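Contents: one structure, followed by commentary.
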Protein chains: 2
Amino acid sequence: MRQTRLFLNTMRENPADAEIASHQLMVRAGLVRQLTAGVYTFLPLGYRVLKKIEAIVESEMDAIGAQEVLLPAMQPEELWVESGRSETYGPDMFRLADRHQRKVVLGPTHEEVVTNLIDNEVSSYRQLPITLYQIQTKFRDEVRPRGGLLRVREFRMKDAYSFHTSPESLDETYRDMHDAYCRIFERLGIGYRAVEADSGAIGGSGGSHEFMVLSEAGEDTVAGCTSCDYSANLEKAVAVPLPAGDASATPAPLVVPTPGTKTIEELCRLLDVPASRIIKVVVYFADGQAVGVCLRGDHEVNEAKLKAVLGADHLRLATADEVLSAAGKRVGFVGPDAPIRMLFDRDIQSVSDGVAAMAGEDEHKIHVVPGRDFDLSETVDIRNVVDGDACPRCQSPLAFYNGIEVGHIFKLGTRYTDAFDTTYLDANGAAHRIIMGCYGLGTSRVLAAIVEQSHDEKGIIWPSAVAPFQVHIVLVSVKDEAQVKAAESLYHRLYAAGVEVLLDDRDERPGVKFNDADLMGVPVRVTIGNKIKEGQVELKDRKTGDVQVLSAEEAFATVLGMVK
Amino acid sequence: MRQTRLFLNTMRENPADAEIASHQLMVRAGLVRQLTAGVYTFLPLGYRVLKKIEAIVESEMDAIGAQEVLLPAMQPEELWVESGRSETYGPDMFRLADRHQRKVVLGPTHEEVVTNLIDNEVSSYRQLPITLYQIQTKFRDEVRPRGGLLRVREFRMKDAYSFHTSPESLDETYRDMHDAYCRIFERLGIGYRAVEADSGAIGGSGGSHEFMVLSEAGEDTVAGCTSCDYSANLEKAVAVPLPAGDASATPAPLVVPTPGTKTIEELCRLLDVPASRIIKVVVYFADGQAVGVCLRGDHEVNEAKLKAVLGADHLRLATADEVLSAAGKRVGFVGPDAPIRMLFDRDIQSVSDGVAAMAGEDEHKIHVVPGRDFDLSETVDIRNVVDGDACPRCQSPLAFYNGIEVGHIFKLGTRYTDAFDTTYLDANGAAHRIIMGCYGLGTSRVLAAIVEQSHDEKGIIWPSAVAPFQVHIVLVSVKDEAQVKAAESLYHRLYAAGVEVLLDDRDERPGVKFNDADLMGVPVRVTIGNKIKEGQVELKDRKTGDVQVLSAEEAFATVLGMVK
């Protein structure tokens, strides 16, 4: 394609609202434009990349026998009421009424619709297992769209759903899907980790992996072992339990005044103890019941683990009033002996000489020993792992990374087939619930993640599998006949050889052309300038920066070798 | 693909709500399923066909230099207010408010969004002309969805938009687009006509063509010459003016009583004259003004022509009260001499001895001659052409067909660039309005139109370019080892040769298999049954029904020849 014909405006400056590299570069290189908050147009250059990503996804889905369908974007709200998710999704879902006042939602995902389809179409075990997938525009009314294409309200996604007669059959498809995702990210040329993820209260066979692109711009935290391949998102990550503290020399508890201490930090400062010696209590409301969580002052409650332990659907922090009425004390002065149900993090036992709010208001007890000075009724793993924790598999230290979640695969079990009473008949004519898995991959988010991971200060560096063009010919001067002739000749030869080639035939200064080429990030650049007098052109690798000066003929052969 | 693995249920009976062949067959052959009124899921078989249609459209758009983009489905309502179409679309558009109460519409089309994009991105004549296209899911809140995929609320469409500095440049792209559409429909293997279409009050350079698939199920009427290639939709079709009547022997007008005659039919019966001798007047309100239309009793007003003549935005029939108050007479008794603006159809002059309501109530005048007994102030072509009219190009008779509109191309001129004040700077730095064209093609509607046009009583007959599979191997008995061996061998050989082949490996009765194969309509069927004992298989052309009995080896070569 000729650049004079390409619908493209590059920009020198970062857009004012763009905070992360992928957002800045995708706008500057003319891949996308925002229409309204969190809603983007894909321009020709961006759409070329998106289509390549989606073609790779498609081919790997086909390869494992998944069948492509297209489910509607508009879904009757009643399906979501039936599954119970109309309420849990709340305002995150776009909702409307049609001209007959029937309620409709715009699909953020398709578990309900696909389960309804299977409910209508599948009756016999002979029709199972089956895996359906689609690549489609999805809608989600994010509170605060951000990060360019990372968190938007209209996005592209591949979603797949599998249906089975047995957990073993689900396991098999789940493994196939896991491996297909690995091949997809490898083919895309993107660095990723498949991490164990929380399967929440959804239940079922209870397996889940997230596919994370490691990046500073990521909103998710991944805990990974520095030695083995253990990886999990923060919600799911576990560590080796801490050793129990030795309290044999700890004196008896003593009440000390602690007026006005509202935070762990203030208490530590006043008493000159580290946060690891504070025994704190956080009060939640889980499905309408108050429950206290007791853990070390330097640890944080992991709400996903808490929800799973409690089997709770709804979980939130108690308000100040609720704390007072449930525990009889003000926030900050509820102790592990409070008269409410109390869950203890197992690592509270590492405290050998602690500080706890087991006295009056504006007082604390020091020299408190868990188990000696208060009962440890329910002891569970209920905290986030932190720096210094050890890998549950090999005891090496855990490290923490930011990641962009680009895929999520999930053993759903019967969560949705229960809701829609979706059954099959076995060989003996007996009815059983169908078992289900679901598998998401955000294709537009992958695009942003690739840019986030693969760029330098000059612009994007496309992995060749998804580059909008394979070769960028920069014709330095359109007024120089020899340059024009050489550029046109190479352009036509590469085009005829099936190479996706972009020819910068604009009447612009060389600096503008080089800057744009770096910004756009096509993997191979051929510069045709003054050296053409000696029959020479320059070939540059965008990623390594390596430059070769070659004859035009050598350049043709070398480029062919690089892109094929 | 093996049919035992394909997600497919065929049905023997027509669904109760399906009235037309394409709807019945697409559901019965397992191409689509309705989720809710006018909203369909594409199942694997249907989606394979849709993707082939869209790939052909895409390749022909690329071939004329159109560049593919993806514009958002969610659009700020304010863009539609700015263009004035928020009002004219009314309840046909899905509207919603997001969580911040900002108003959003779901795009039924993208003139507003793309003009806004061009307004932001294009400043110089050097960036023009440019043509952008997309293939996308569109939304339209139809009052009465019907006909399976013919009139739905969520559908697939290719829409393209071109932008120009001159009408000549628009003409050139319009011609390219017209020719590309012809190539698309030819490649799809579909019988179509490109017909002149009404360009309504939208103005601009004022050219428009509709692409019609001729079919009984079509909602549109096409008038086509029985001799030359003149074709136009009914709104636009014109005919040779009728010869003027010879009134030299017509007596003077005479008032006769016509009590209780409310319709043309009643009047004809009472007076024993044909409708062609009645001089009728229909009263409209155009932009708030009453206007009468005078034409022959056997002719119908063409509202598109009327709107164009009046340059009116809003046109409707006057109510009974409005007729009485504007013309001073009751409906049915308003004559060509009524005291309101009156437009005369030019063919009223063919009446040599007419009947008109030029007397009191419950009376008519007979022996009325237009021009003699009332003034012909404004004489225009304002009626629908009818059976018996002659082609405006060659005077041969016109014939009428039903058609399904599958494409519409349109010279918009500055309709939208005026609304958004979208200009470019010429070489001298002077600003001019950008000129625009738009080009739609309903890909899911094309799918239905193909089935509508290409089927028999047994099922669908796919044109090979869009068939979901190229070859259907029917293995008659999965219990016969020789048949299984031959079928598997042919299946693998064809698959390896790049043929899209479906193997019916189900344990079903032969009749079920043959009926399903006919219903699904794959172009070539290879039946492997008892004759395999003699080394023979049967090859059947779905369209012609021709059967050849061949050796397995000959069958392989023959099939390859048929599908390549």
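Residues in segment B:469-512 that are crowded, with 20+ Cβ neighbours inside 10 Å and within 25 Å of B:Ala21 (Cβ to Cβ): B:Phe469, B:Gln470, B:Val471, B:His472, B:Val474, B:Leu502, B:Asp504. Could you check, for segment A:301-322, whether at least one of its residues is hydroxyl-bearing (Ser, Thr, Tyr), assigned by TED's automatic domain parsing to the domain that holds A:Pro274 and open to solvent by less than 40 Å² (accessible area, probe 1.4 Å)? Within segment A:301-322, not a single residue is hydroxyl-bearing (Ser, Thr, Tyr), assigned by TED's automatic domain parsing to the domain that holds A:Pro274 and open to solvent by less than 40 Å² (accessible area, probe 1.4 Å).
Report yes if A:Gly148 is touching a Ser or Thr at 6+ places or on another chain (Cβ under 6 Å) and either of a type outside the set (Ser, Thr, Tyr) or touching a residue at least 40 places away in the same chain (Cβ under 8 Å) (or both), otherwise no. Criteria met by A:Gly148. Checked against the criterion of being at pLDDT below 90 and more than 18 Å from B:Cys391 (Cα to Cα), the candidates B:Gly311, B:Gly245, B:Gly297 yield just one match: B:Gly311. Can you pull out the residues in segment A:112-136 that are more than 20 Å from A:Ile64 (Cβ to Cβ), open to solvent by 10 Å² or more (accessible area, probe 1.4 Å) and more than 10 Å from chain B (Cβ to nearest Cβ)? A:Asp119, A:Ser124, A:Tyr125, listed by residue number.
Just a yes or no: is a residue in segment A:92-115 out of contact with any Lys or Arg (no Cβ under 9 Å at 6 or more places or on another chain), aliphatic (A, V, I, L, M) and in the same structural domain as A:Arg183 (by TED's automatic domain parsing)? There is at least one residue in segment A:92-115 that is out of contact with any Lys or Arg (no Cβ under 9 Å at 6 or more places or on another chain), aliphatic (A, V, I, L, M) and in the same structural domain as A:Arg183 (by TED's automatic domain parsing). Per the conditions (1) surrounded by 20 or more Cβ atoms within 10 Å (Cβ to Cβ); (2) farther than 17 Å from A:Gly260 by Cα, the sole criterion not satisfied by A:Gly332 is (2). Within segment A:141-184, can you find the residues that are at pLDDT 95 or above, of a type in the set (Lys, Arg) and under 19 Å from the mean Cα position of the chain (by Cα)? Result: A:Arg153, A:Arg156, A:Lys158, A:Arg183. Pairing each residue of segment B:429-442 that is assigned by TED's automatic domain parsing to the domain that holds B:His110 with any residue that is part of a strand (DSSP E or B) and of a type in the set (Phe, Trp, Tyr), provided the two are 6+ apart or on different chains, yields C-beta distances under 6 Å for B:Ile434/B:Phe163; B:Ile434/B:Tyr424; B:Met436/B:Phe163; B:Cys438/B:Tyr161; B:Cys438/B:Phe410. Among the residues of segment B:68-101, those that are facing chain A (nearest Cβ under 8 Å), among the charged types (D, E, K, R) and in contact with a helix residue (DSSP H, G or I) (Cβ under 8 Å, 6 or more places away or on another chain) comprise B:Glu68, B:Arg95, B:Arg99. Go through segment B:45-67 and give me each residue that's within 10 Å of chain A (Cβ to nearest Cβ) and over 23 Å from A:Arg5 (Cβ atoms). B:Leu45, B:Gly46, B:Tyr47, B:Arg48, B:Leu50, B:Lys51, listed by residue number.
Of the numbered criteria (1) in contact with a strand residue (DSSP E or B) (Cβ under 7 Å, 6 or more places away or on another chain); (2) more than 30 Å from A:Val152 (Cβ to Cβ), the one A:Asp375 fails is (1). Can you confirm whether B:Leu43 is closer than 30 Å to B:Val27 by Cα and over 24 Å from the mean Cα position of the chain (by Cα)? For B:Leu43, the condition - closer than 30 Å to B:Val27 by Cα and over 24 Å from the mean Cα position of the chain (by Cα) - is met. Taking the criterion of being of a type outside the set (A, V, I, L, M, F, W, C) and touching a Leu at 6+ places or on another chain (Cβ under 8 Å), the residues of segment A:43-67 that qualify are A:Pro44, A:Gly46, A:Tyr47, A:Gln67. Of all residues in segment B:11-41, those that are open to solvent by 10 Å² or more (accessible area, probe 1.4 Å), in contact (Cβ under 8 Å) with a residue 24 or more places away in the chain and within 11 Å of chain A (Cβ to nearest Cβ) total 2.
Taken over segment B:47-66, residues that are over 15 Å from A:Leu70 (Cα atoms) and open to solvent by 10 Å² or more (accessible area, probe 1.4 Å) amount to 9. For A:Lys262, the conditions (1) open to solvent by 70 Å² or more (accessible area, probe 1.4 Å); (2) out of contact with any His (no Cβ under 6 Å at 6 or more places or on another chain); (3) within 30 Å of A:Ser86 (Cβ to Cβ); (4) touching a residue at least 24 places away in the same chain (Cβ under 8 Å) are fulfilled apart from (3). Put simply, of B:Met74, B:Met93 the only residue that is open to solvent by less than 10 Å² (accessible area, probe 1.4 Å) and closer than 30 Å to A:Tyr133 by Cβ is B:Met74. Of everything in segment A:229-255 that's open to solvent by less than 60 Å² (accessible area, probe 1.4 Å) and under 26 Å from A:Val446 (Cα atoms), which residue is nearest to the chain's Cα centre (by Cα)? Looking at residues that are open to solvent by less than 60 Å² (accessible area, probe 1.4 Å) and under 26 Å from A:Val446 (Cα atoms), I get A:Asn233. In segment A:529-564, what count of residues is obtained for those that are acidic (Asp, Glu) and crowded, with 17+ Cβ neighbours inside 10 Å? The total comes to 1.
Of the residues that make up segment B:137-149, is at least one among the acidic types (Asp, Glu), away from chain A (no Cβ under 11 Å) and open to solvent by 10 Å² or more (accessible area, probe 1.4 Å)? Walk me through it before giving the result.
Of segment B:137-149, the ones among the acidic types (Asp, Glu) are B:141-142.
Now narrow it down to the ones that are away from chain A (no Cβ under 11 Å): none.
Among the residues of segment B:137-149, not one is among the acidic types (Asp, Glu), away from chain A (no Cβ under 11 Å) and open to solvent by 10 Å² or more (accessible area, probe 1.4 Å), which makes the answer no.
Residue pairs whose Cβ atoms lie under 8 Å apart, sitting 6 or more positions apart in sequence or on different chains, and linking a residue in segment A:110-128 that is farther than 25 Å from A:Ser86 by Cα to a partner that is among the charged types (D, E, K, R) and at pLDDT 95 or above, are A:Tyr125/A:Asp426; A:Gln127/A:Glu121.
Is there a residue in segment B:518-528 that is basic (Lys, Arg) and open to solvent by 50 Å² or more (accessible area, probe 1.4 Å)? No, every residue in segment B:518-528 fails to be basic (Lys, Arg) and open to solvent by 50 Å² or more (accessible area, probe 1.4 Å).
Might you check whether a residue that is of a type in the set (Lys, Arg), open to solvent by less than 60 Å² (accessible area, probe 1.4 Å) and touching a Pro at 6+ places or on another chain (Cβ under 9 Å) occurs anywhere in segment B:411-422? Taking every residue of segment B:411-422 in turn, at least one turns out to be of a type in the set (Lys, Arg), open to solvent by less than 60 Å² (accessible area, probe 1.4 Å) and touching a Pro at 6+ places or on another chain (Cβ under 9 Å).
Summed over segment B:351-377, residues that are outside any loop (DSSP other than H, G, I, E, B) and in contact with a helix residue (DSSP H, G or I) (Cβ under 8 Å, 6 or more places away or on another chain) total 5.
The values are calculated or read from the model by the stated rules, or taken from the named source; none is laboratory data. Treat the numbers as computed from the prediction; the structure is a model and nothing was measured. When we count neighbours, we look across all protein chains shown, and the Cβ atoms used for this are built from the backbone with ideal geometry, even at glycine. Accessible surface areas use protein heavy atoms only, side chains included; no ligands, DNA or RNA. Shrake-Rupley method; radii C 1.70, N 1.55, O 1.52, S 1.80 Å.
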